[in-house]
Amino acid sequence: MTEDQTNAERLKLKANVNFLRLQLRVGKATQEELQLAEKALAQFKAAPSATLQQVGQTNPLAKNESPWTPHGDTLPPHVAPIVEELRKQQAEIDYEKRSLSMQLQAVPHNTPCPELTKAILALREKWMALGDDIRYVVTHGERPQEASTTPPQWDAEAYRSQLPTDRYTLSKMIDNLSINVRYKWPKRMAQTDTLAKKAEYQTKISKGEIELSILQQQFNALK
């Protein structure tokens with residue numbers, strides 16, 4: 001493990017501890033959760049390599065997933081200014097959040113200050129929402145609020161050509177996609193608070209409806 005990896009993991013664990021301290025102040029976390037996070041941070045400081053290896057063994061996503069990091073120098077010309085503006089907004093929110101966090105550090109841990117902690121948590125939510133917006137812009141080339149609700153253009157014939165030719169497999173595909181299009185994705189879209197996530201699920205639903213229609217046509221053709 002490199003020094004950069006060690007520092008990145010330490011920052012993540014420390015950020016989790018600070019976040020749980022905020023959550024504890026507003027009654028959204030327990031003392032036990034905070035103690036577990038503090039223990040994890042202490043263990044990592046004592047033995048970084050062993051702790052990181054243990055995390056990799058217990059978390060099946062650790063080996064396959066890495067933090068999303070946009071590369072500004074590869075963005076299309078019409079996308080780069082949008083991403084730059086969103087990052088600037090993130091930086092302004094982060095500066096404000098850090099200022100409030102410094103004020104909070106001066107307050108004794110057993111002294112309640114709900115207004116301050118709620119303000120910090122609200123800024124954190126805004127910062128994360130902007131992160132969703134950046135991901136959406138990089139993927140789709142437009143802001144979430146500018147996204148069209150019409151089905152995306154794609155090669156339907158290419159999709160049709162790679163479908164299986166037996167009714168059993170097609171039936172299973174229809175059932176699984178129907179659950180996503182009619183229940184799972186609409187529910188998740190309703191639960192999310194950010195425009196980026198709502199637009200993402202709307203795109204999935206629109207495309208899924210087209211795929212579902214093609215699957216049904218292919219299934220009926222094999223009668």
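The values are calculated or read from the model by the stated rules, or taken from the named source; none is laboratory data. These numbers come from a predicted model, not from an experiment. Cβ sites come from the backbone with ideal geometry, for glycine too, and all protein chains shown count toward neighbours.
Below are the figures for this structure:
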{"item": "Close pairs from the range 1-19: first within 15 Å of ALA47 (Cβ to Cβ), partner modelled with pLDDT of 70 or more and assigned to a helix (DSSP H, G or I), Cβ under 8 Å, at least 6 apart", "result": "GLU9/PHE44; ARG10/LEU41; ARG10/PHE44; ARG10/LYS45; LEU13/ALA37; LEU13/ALA40; LEU13/LEU41; LEU13/PHE44"}
{"item": "Counted residues, the range 179-197 - those being of a type in the set (Gly, Ala, Ser) and crowded, with 16+ Cβ neighbours inside 10 Å", "result": "1"}
{"item": "Looking only at the range 34-89, and only at residues there that are more than 24 Å from the chain's Cα centre (by Cα), hydrophobic (A, V, I, L, M, F, W, C) and at pLDDT 80 or above, the one that is surrounded by the fewest Cβ atoms within 10 Å (Cβ to Cβ)", "result": "ALA46"}
{"item": "Any hit, the range 203-217, residues being of a type in the set (D, E, K, R), farther than 30 Å from LEU130 by Cα and assigned to a helix (DSSP H, G or I)", "result": "yes"}
{"item": "Options GLU200, GLU125: the member that is at pLDDT below 85, part of a helix (DSSP H, G or I) and in the same structural domain as LEU75 (by TED's automatic domain parsing)", "result": "GLU125"}
{"item": "So TYR201, is it more than 16 Å from TYR159 (Cβ to Cβ) and more than 17 Å from the chain's Cα centre (by Cα)", "result": "no"}
{"item": "Members of the range 198-222 that are surrounded by 18 or more Cβ atoms within 10 Å (Cβ to Cβ) and free of Cβ contacts under 8 Å to residues at least 24 places away in the same chain", "result": "TYR201"}
{"item": "Pair list, Cβ < 8 Å and 6+ apart or interchain, from the range 84-112 residues that are more than 23 Å from GLY141 (Cβ to Cβ) to residues that are among the aromatic types (Phe, Trp, Tyr)", "result": "ILE93/TRP127; ASP94/TRP127; LYS97/TRP127"}
